[in-house]
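Quick note: the coordinates plus some simple rules give every number you see, no bench work behind them. In this text the structure is predicted, and so the values were computed from the model without any measurement. Cβ placement follows ideal geometry from the backbone for every residue including glycine, while neighbour counts extend to all protein chains displayed.
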Amino acid sequence: MGWLSRLFQQQPKLDEAAMPRLSPHGGSKGRELVLDNWATSPEYLALLQRFSSIRDFETGVPDYWQPMFGVEPKKVVKAFIESGALVEAPLPDKVQFCNTVTQLKEMLAARGLKVTGKKAEQVERLIQADSKGMQNLYGDRLILRCSTEAKQAVDTWNQERTETLSRVADEVIAALRRQKFAEAIQVADSYKSQRLELPIHPGQEAMTIKSSRAPLAERAKELTRVFTMKPKILKGLSGEQWEGLYLNYAVWKLIGTSFPCKCMPGFSGLRSMDESTVTRMLNFYVGHMEDKARWKPLGIKKAKISCSNSGSCESCKALDGQVYSLNKLPELPYDDCTCALGCRCLYLPELDF
Ligand SMILES: [Zn+2]
């Protein structure tokens, strides 16, 4: 395993323990990288999950994940290679990973070989005809995947996370059904504070406005209000269906995942709208109401309707560009809308200077 000693400039020393404790190497300055709890560490499992399918060492884990580990993610990856949790992919996988079909065809043609077939077949043909050449080209590329043990740990972790999420959803739904809105929010908040949040891309972070969270009582009041809303575009829902829709919306807002199977069992659609579309329509309605409420105190008196989305229905297109005073605005989502994805029209404030 020449690549490994090159990587660490020393012979790898594998611990006897199944989950070894690793000492620093590769120039990390005195900071010890302790991986012996990796199978129960969400941060390490999230890193390993990146290698559930094969990835390049160089690009396997984003550098902006550094705060999660306190050291460069690549150092953690190296430590996992040394411990055996990440392993080098076999040559055929490397060749397949490093090349597009077009590139494979070019290499096949250059060797006078048949160029047709699936990617795996093309690779096999290349290696059979020129194993030395392929080894020279790709043998040293550090392409990695999880070991069986690491893959299993990642799978178990994912299964546990799915189960936890489902259990939390049940708790939130139960509280909502009892009209305990504050309790539902607290259950969701406590779940979210314990859940691993991956660092977001610095560019994306710069685009996000961090809003301070409103007090619990206020959030509970807002949520309570949503449970009385009846956007016109959703007319035709039965009482039970409205209830299910409110639940589905609230669960999605509170924990970030919707559970139509739990909240709206048996819902077979409203006109052309499925459960995720009707939930989105309620969400849009809430958002449009919030926009209008925000604009009034700012002295904004008029708004224009914008429906620039391609593929909008005739009813929505007819509204596009129309200006109304705030209290005369047609309700959005527009109830005459027949778009399959629901109405995507927006209010845009008209600013007078
Ligand atoms: Zn429409």
Which semi-axis lengths, in whole Å and largest first, follow from the square roots of five times the eigenvalues of the Cα gyration tensor of region 91-144?
17, 12, 9
Need the list of lysines near Lys296 for cross-linking: C-alpha distance under 18 angstrom, and skip anything on the same chain fewer than eight residues off.
Lys304, Lys328
Modelled FRET efficiency - R0 25 Å, Glu160 with Ser276, Cβ distances, 0.05 increments:
0.45
What number, rounded to the nearest 500 deg cm²/dmol, is the helix-based mean residue ellipticity at 222 nm of the chain, given -39500 (n - 2.57) per DSSP H run of at least four residues and division by all its residues?
-15000 deg cm²/dmol
List the lysines whose Cα lies under 30 Å from the Cα of Lys119, skipping any in the same chain that are fewer than 8 positions away.
Lys74, Lys78, Lys94, Lys105, Lys132, Lys151
Separation of alpha-carbon centers, region 124-148 and region 280-332, rounded to whole Å:
57 Å
Straight distance only, please: which aspartates and glutamates reach the Cα of Lys235 with their own Cα at less than 15 Å, same-chain residues fewer than 8 apart left out?
Glu243, Asp274, Glu275, Glu331, Asp335, Asp336
Dipole in debye (nearest 20) - the chain, about Cα centre, beta carbon charges: Lys, Arg +1; Asp, Glu -1
660 debye
Tell me the Rg and the Dmax, in Å, that the Cα atoms of the chain produce.
27.4, 76
Long-range amide H contacts for Cys313: which residues qualify at under 5 Å (H placed 1.01 Å from N, peptide plane, sequence gap of 5 or more or a different chain)?
Thr338, Cys339
I'd like the trypsin sites (Lys or Arg not before Pro) in region 284-351 restricted to DSSP loop residues with at most 15 other Cβ atoms within 10 Å, sorted by number.
Lys301
Simple Cβ-charge dipole of region 165-298, Lys/Arg +1 and Asp/Glu -1, about Cα centre, in debye nearest 20:
400 debye
Could you tell me how many degrees, from 0 to 90 and to the nearest 10, lie between the Cα long axis of helix 239-255 and the main elongation axis, the longest principal axis, of the Cα atoms of the chain?
50 degrees
Rounded to the nearest 10, the angle in degrees between the Cα long axis of helix 73-83 and the longest principal axis of the Cα atoms of the chain comes to 50 degrees
